[in-house]
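*Asks:* Here's a structure for you.
The values are calculated or read from the model by the stated rules, or taken from the named source; none is laboratory data. As the structure is a computational prediction, the values presented were derived from the model and not from experiment. Please note: Cβ atoms are built from the backbone with ideal geometry, for glycine as well, and neighbour counts cover all protein chains shown. Protein only, heavy atoms only, side chains kept; ligands, DNA and RNA dropped before computing areas. Shrake-Rupley method; radii C 1.70, N 1.55, O 1.52, S 1.80 Å.
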Amino acid sequence: MKILVVEDERRLANSIADLLRTNGMEVDVAYDGNAGYAYASSGIYDLLILDVMLPYQSGFEVTSRLRSERNGVPILILTAKGDTAERIAGLDAGADYYLTKPFDTGELLACVRALLRRQGEQVNVLEFGNTTLDLSTCILSRGDEQVRLSTREFDIMRILMSAQHRNVAKEAVLTKVWGYDSNADENHVEVYVSFLRKKLAVIHSNIRIVAIRRQGYHLETAEE
Ligand code: CA
């Protein structure tokens, strides 16, 4: 599970990140609203933990921008103590849950687990154009035609289908699929994307994986 923490108080941000890592999660940290929004737009996170008062754009702004782009990532908002107005504004903006600062670590972990669980239950099949991806079987289908994806192909397709029309950076794909420590480079991503394009053609899918130089990939349908 990969989590993004957006919090400008560096000590708090880093202690939350440490806590989550100790509990087996992968964590990235952003220290302002612009960076947080940019990271979150990559579509690679399973959960966002967002502070409200952030430089450049608030946690609410980040939330509503993501939601307006149909990014359904679960969002946990960290609000100031006892501020009911903030809490309501956060939920209105599209956050899933809020936690009041200061919180204890057990409470934070419980919220994180609950939100990740809920996410897991909600989505079993991703859909784009005339094609679906079954997350439990790794099978890509278009009508009656089906093809099974390899692990790497599946990981990449899942990221692209979660992002829909939004662009996903090649680096983001590389990190999410191969991890930080591997020797894989962006050529690996390109190779697997070419495998995916062949499999999409085999089942006569109308999905096109569009590559934009120096920006990455996004999906379109053949009609677009
Ligand atoms: Ca803050």
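For every residue, the table says whether it meets (1) more than 19 Å from the chain's Cα centre (by Cα); (2) under 19 Å from residue 44 (Cα atoms); (3) at pLDDT below 85; (4) not polar (S, T, N, Q).
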{"site": "168", "(1), (2), (3), (4)": "no, yes, no, yes"}
{"site": "173", "(1), (2), (3), (4)": "no, yes, no, yes"}
{"site": "190", "(1), (2), (3), (4)": "yes, yes, no, yes"}
{"site": "205", "(1), (2), (3), (4)": "yes, no, no, no"}
{"site": "209", "(1), (2), (3), (4)": "no, yes, no, yes"}
{"site": "214", "(1), (2), (3), (4)": "yes, yes, yes, yes"}
{"site": "219", "(1), (2), (3), (4)": "no, yes, no, yes"}
{"site": "223", "(1), (2), (3), (4)": "yes, no, yes, yes"}
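*Asks:* Sticking with this structure for a sec: Just the residues that are more than 16 Å from the ligand (Cβ to nearest atom), in a loop (DSSP other than H, G, I, E, B) and of a type in the set (S, T, N, Q), please, taken from segment 57-78.
*Replies:* 71, the sole residue that qualifies.
*Asks:* Residues of segment 13-35 being touching a residue at least 12 places away in the same chain (Cβ under 8 Å), within 16 Å of the ligand (Cβ to nearest atom) and either open to solvent by 40 Å² or more (accessible area, probe 1.4 Å) or of a type outside the set (A, V, I, L, M, F, W, C) (or both), which ones?
*Replies:* Passing the criteria: 14, 31, 32, 33, 34.
*Asks:* I'd like the residue in segment 85-120 that is acidic (Asp, Glu) and surrounded by 16 or more Cβ atoms within 10 Å (Cβ to Cβ) and, out of all such residues, is nearest to residue 22 (Cα to Cα).
*Replies:* 96
*Asks:* How many of the residues making up segment 36-56 are within 10 Å of the ligand (Cβ to nearest atom), open to solvent by less than 60 Å² (accessible area, probe 1.4 Å) and not in a strand (DSSP E or B)?
*Replies:* 3
*Asks:* Kindly establish whether residue 103 is under 16 Å from residue 12 (Cβ atoms) and more than 15 Å from the chain's Cα centre (by Cα).
*Replies:* Details: under 16 Å from residue 12 (Cβ atoms): yes; more than 15 Å from the chain's Cα centre (by Cα): yes.
Taking the combined requirement at face value, the residue satisfies it.
*Asks:* Which of the residues belonging to segment 175-188 are open to solvent by 50 Å² or more (accessible area, probe 1.4 Å) and farther than 23 Å from residue 47 by Cβ?
*Replies:* Going residue by residue through segment 175-188, those that are open to solvent by 50 Å² or more (accessible area, probe 1.4 Å) are 180-181, 183, 185-188.
Hits for segment 175-188 are 183, 185, 186, 187, 188.
*Asks:* OK, next. Quick check on residue 9: is it within 14 Å of the ligand (Cβ to nearest atom) and at pLDDT 85 or above?
*Replies:* Yes; evaluated as a whole, the condition is true for this residue.
*Asks:* Next up: Enumerate the pairs (first residue in segment 44-56 and under 16 Å from residue 94 (Cα atoms); second residue anywhere and within 16 Å of the ligand (Cβ to nearest atom) and open to solvent by 10 Å² or more (accessible area, probe 1.4 Å)) with beta-carbon separation below 6 Å, excluding pairs fewer than 6 apart on the same chain, so at least 6 apart or on different chains.
*Replies:* Correct list of pairs: 52/58; 52/86.
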